Structure formats: structure tokens, C-alpha cells
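**Student:** After the C-alpha cells below, expect a handful of questions from me.
Please treat every number below as a calculation from the coordinates, not as lab data. What you see is a predicted model, and the numbers here were worked out from it, not measured in a lab. Positions of Cβ are generated from backbone atoms using ideal geometry, with glycine treated the same way; all protein chains shown enter the neighbour counts.
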Amino acid sequence: MSNGIAANDFASAVEKYRILRRPYRWRGFFYIPPLLVMPFCVWNEYENDFVIWPMGLLTVAMGLFIRIWATRHIERRIPRRYKGNKGPRLVATGPYSIVRNPLYLGNLVIMMGLCILSELLWLMPIVFAYLLSLFSLVVRYEEYKLSILFGREYEIYRQDVPRWIPRFSLIRSANNSDSAWSQALTGELQSIGPASLMILILLIKEIVGP
């Protein structure tokens, strides 16, 4: 592994943060509660389709773009044949040069867009606070692992790049990626599919609802 750390030593070091492994492993289920509320709740809806649908779709699209851009650089979910035989490396280009957690940030933007499409604008701050608090637990675990893997290199990166609020003045090497946009788009179909399905469900809610 990077910095010469053995697999057993890495596992032992990560064990220190074992209390955070549960939210890390279950992070995919964080979205279920708000996604169950959106299609069925009609209380205090904001009824203005000319505002709701353009704004909601644009917000969801923005969140998906952030994820695709991040995937292009981190190469998560991109088939191995496109990635070669690269070892562990600290990604600090593209969106990772301006914010440390663009994938989670993209998810947060997508969820805000879905809240808009559900017409439950009052739900947005609740979902935002709920997800951000859970994501903060998850990234603490991830950041601890990265600090073990990359040592001083990651500590410098963490000091320079904010965790959640993008600092656009830091952007660098935006196109420094070996992966094509099409490969990143394919890799993010697992995000695009559920988001599209949820949009369809909310559209049905709008058509058949009161």
C-alpha cells in the first residue's frame, strides 16, 4: 500500500475508528427516509410548476454533473480496463482540487433538487441538515483512512482544500484525467438511474395528486 504500510497494519490502524464503520457501511440507506416522504406527503406544497420543474430539474442535473466530474477524476465505478493498473493515489485534480468530498456534495445537490420537484420546499433544510450530519460521520472515517494511506501528503491536502464549501480559487488541472467523460457517465449510471426513477415518481405524484 502507499507509504509502505502493510495491509495488516492498515486494518489495525483503521480499527481505532471502528465506531464509525457502521454509518460508513450503511451510507447508501441514508437517502431512504426523505425519499419515502417526498412522493406521499402533500402538506404545504408549493404549487407553481413553472418554477418548480425547471429549478428542480436543473438542480438535479447539477448534482449529477458534479458526480460525473468527480468520477472522471477518481475513476470510481469506471471499469478496470479503462483505469489500467494504477495503485492507490491521492486525487487532487478537477473537483477534488476545490472541495474534498464532491461525490457527497453532488448527492446533497441531487437531494435538494428532488425536494424542489416534490414541491415540499419546507423539507429542504431538514434533508440538508439530516444528510450533512450523517455525511460528516462518514467522511471522518474516510479521511482517517486516507491519512493512514497517504500520510503527510493527505494532511497537506486536507489543510488546503475545504471539506464541504468549494473554494473555486483553488481549481487546478481540471482536465488532468485519463478517463473520458463517456466512461465517467457510464460509471455513474447507478446514480443517474435512481435519480431518473425518482423524478418519474414525482411527476406521477404531480399528475395524479390533488
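**Student:** Taking H as built 1.01 Å from N, whose amide H comes closer than 5 Å to the amide H of V161, not counting residues under 5 places away?
**Tutor:** Those qualifying (amide H under 5 Å, at least 5 residues apart or on another chain) number zero.
**Student:** Could you check the simple spin-label distance between S147 and R21, using points 7 Å along Cα→Cβ, in nm with one decimal?
**Tutor:** Placing both labels 7 Å beyond Cα along the Cβ direction yields 1.9 nm.
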